[in-house]
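Coordinate-derived values only; no laboratory data. Values in this document were obtained by computation on a predicted structure and should not be read as measured data. Every residue, glycine as well, gets a Cβ built from its backbone with ideal geometry; the counts of neighbours run over all protein chains shown.
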Amino acid sequence: MIEVNQPRAQVTHDLAEELAALDDVVGFDPARALDRARRLQEAAEQAGDHDSTVSALLWQAEAHQRDGDPAASAGVITRTRETLAPLTAEHAVRASWLLSRVHTDLGDRPTALEHVMDAVGAFTDDVPRRLRTRVLIKVADLLDELGAREDSLIWYSRAEELAQGDGRMHMLVVNNRAYGALEAGEGDEALEQARLLTTLSEHYGRPLNADALDTVARIHLLRGDPAAAAETSRRAVDATQTLETKVADALPEYLLTLAVAQRELGEAATAARTLERARALCGPEGFARTKARILEEEAEVRAALGDYRAAYETHKAFYLADQELLSQQREAQARARQTIFETVTAREEAARYREEARRDPLTGLWNRLYVEERLPLMLREQPSHTGVLSVALLDLDHFKSVNDTFSHEVGDEVLRVVAGLLDAAAARAPGSFAARLGGEELLLILATDDRGTALRIVDDVRAAVRGYAWSPITPGRVVTLSGGIATATAEDTRSSLLARADAQLYAAKSAGRNRICTDAI
């Protein structure tokens, strides 16, 4: 129980722990999770804990969704987004993932895909691994359902890689992939995934949950073993209350599998009662795919009972529902393709803008922002690499007079030429790069096998600039540069390394320019 009169830090810690514990409740008892989340919301609001308030509301939204009330779920998410913004990355991801589940329940898979791709776009390292795994699984599931099977397998692989070591999530990935193979009629692949599921169950010491049991039952049907399918389906129905990945249409789906097995065993009357129960659980909203499949099976059952008139009428109803569903699916696939295209395009645009923000527009070299991001990473990685890391600060000699004598346009052309020479030099040492820090101040970051190689590369640049055919650009004027090199030590930071290189650059200028000086380590 949260005691709000405790120190704030303790209250925040206790709230976070109790909210996290809802993950073990919401899947099999959403009503209890909803009640607990509401109480935790009150405690969080009383304590002035914004993040815990948002978290409690999102748990309520998930409880509503899992309990078959997508409208209530969507309402909670929308109000949370509108009144409690800005959300943390974790909460933004969770909200988009939940909206994806809501729209899946409503049969609108393209919109569901849009929301889950928004979740992917909001990923940061702060977002819990289990939540990221669930998001990747949802992307894969939706792509599979929308007909993009090859793409879905790529996303399942990404999810499985992230889920390694987490038995609950690893088994969920494999189960969903097996179900996709079943739906695609890939019996051998489905069987292989079912075997992997069993192996993982033993490896992690986790029994198969209701969802996995239903998948296995369907595989038994595919292989022509209705008795095994019926037994496994009954276990799935009985285990529904402990299902860790509960969704509102789960039980109707399990009952449908059981009904098929019962009909194939010659128990048509029992199958009819099972289907009545499944239909009643679907409710008036959404679940169009499940309802159509129930109608299809009801037609088979009526025929097995000898009621051919009812079988005909039911089949007609199924045909109409199936055609409507097919039309919706075609529209959905078109919208999904557009969503995927727009998402990929947006990512490409974002990547392009990100790179442009780190490029010097005049020379095309990396800029100071990139150096500030990249150099610290290279310093941290250096201890695990053989070789050395060196920085060379370079400055064009008397560059101001080039601008004054010829023009700034000529000065810009000089900088572009020198930039090309620097890029060529950096290419001699993989992992190296050149940058422009501003004005005529340039930089080479060199990852080489030894210090001598770095010195030779930098001096070769100096010689290349000195020996360039400058006459067409600066008639009667030869351009030169000076440089200072510092080689990284274990204690160096970005600032200390650049400061030592700058000291050597000052020494080169003081010694007469057109030369390279280096630290003596």
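Run the paramagnetic zone check for GLU372: 7 angstrom along Cα to Cβ, then residues of the range 470-496 with backbone nitrogen under 19 Å. In the range 470-496, the label zone of GLU372 (backbone N under 19 Å from the point 7 Å along Cα→Cβ) covers 493-496. You can think of it this way: the chain between PHE406 and ARG195 has 68.3 nm of extra reach, that is 0.36 nm per residue less the Cα-Cα gap. Taking other residues whose beta carbon is less than 12 angstrom from the beta carbon of LEU362, and scoring Lys, Arg as +1 and Asp, Glu as -1, yields -2.
In degrees, nearest 10, range 0 to 90: what is the angle between the Cα axis of helix 308-357 and the longest Cα principal axis of the chain? Taking the Cα atoms of the chain, the angle to 308-357 is about 10 degrees.
Specify the inter-centroid distance of the range 451-472 and the range 137-192, based on alpha-carbon positions, in whole Å. What the calculation gives is 55 Å, centre to centre.
Computed over Cα pairs, the Kirkwood radius of the range 368-518 leads via Stokes-Einstein (1.002 mPa s, 20 °C) to a diffusion coefficient of 137 µm² per second. Ranking of THR493, THR453 by neighbouring Cβ atoms within 10 Å, starting from the fewest: THR493, THR453. The slack between ARG513 and ALA280, meaning 0.36 nm per residue of separation minus the straight C-alpha distance, is 75.1 nm. The distance linking the range 500-521 with the range 51-128 is 58 Å (Cα centroid to Cα centroid, whole angstrom). Kirkwood Rh over Cα pairs of the chain into Stokes-Einstein at 10 °C, 1.306 mPa s: D in µm²/s? Translational diffusion coefficient: 57 µm²/s. Against the chain, whose longest principal axis comes from its Cα atoms, helix 451-467 is set at around 60 degrees. The 3J(HN,Hα) values that the Karplus relation (6.51, -1.76, 1.60; θ = phi - 60°) gives for the range 173-183 are, in residue order, 4, 5, 4, 5, 5, 5, 4, x, 5, 4, 4 Hz. Gly and Pro appear as x. Phi angles of the range 419-432 translate, via the Karplus equation with coefficients 6.51, -1.76, 1.60 and θ = phi - 60°, into HN-Hα couplings of 4, x, 5, 5, 4, 5, 5, 4, 5, 6, 10, x, x, 9 Hz per residue; Gly and Pro are given as x. Counting Cα-Cα pairs of the range 156-259 in 10 Å increments starting at 0 gives whole-percent bin shares of 17, 50, 31, 2. Each residue, ARG380 and HIS398, gets one label point 7 Å from its Cα in the Cβ direction; the gap between the two is 4.5 nm. Evaluating 6.51 cos²θ - 1.76 cosθ + 1.60 at θ = phi - 60° for every residue in the range 115-131, the Karplus couplings come out as 5, 6, 6, 4, 4, 4, x, 9, 4, 9, 5, 7, 6, x, 4, 5, 5 Hz, glycine and proline recorded as x. A Cβ-based charge dipole, computed about the Cα centre of the chain with Lys and Arg at +1 and Asp and Glu at -1, lands at about 1060 debye.
Helix-only mean residue ellipticity at 222 nm, the chain, DSSP H runs n ≥ 4 weighted -39,500 (n - 2.57), per residue, nearest 500. What is it?
-23000 deg cm²/dmol
Over the range 1-103, the reciprocal of the mean inverse Cα-Cα separation, the Kirkwood hydrodynamic radius, stands at 13.5 Å.
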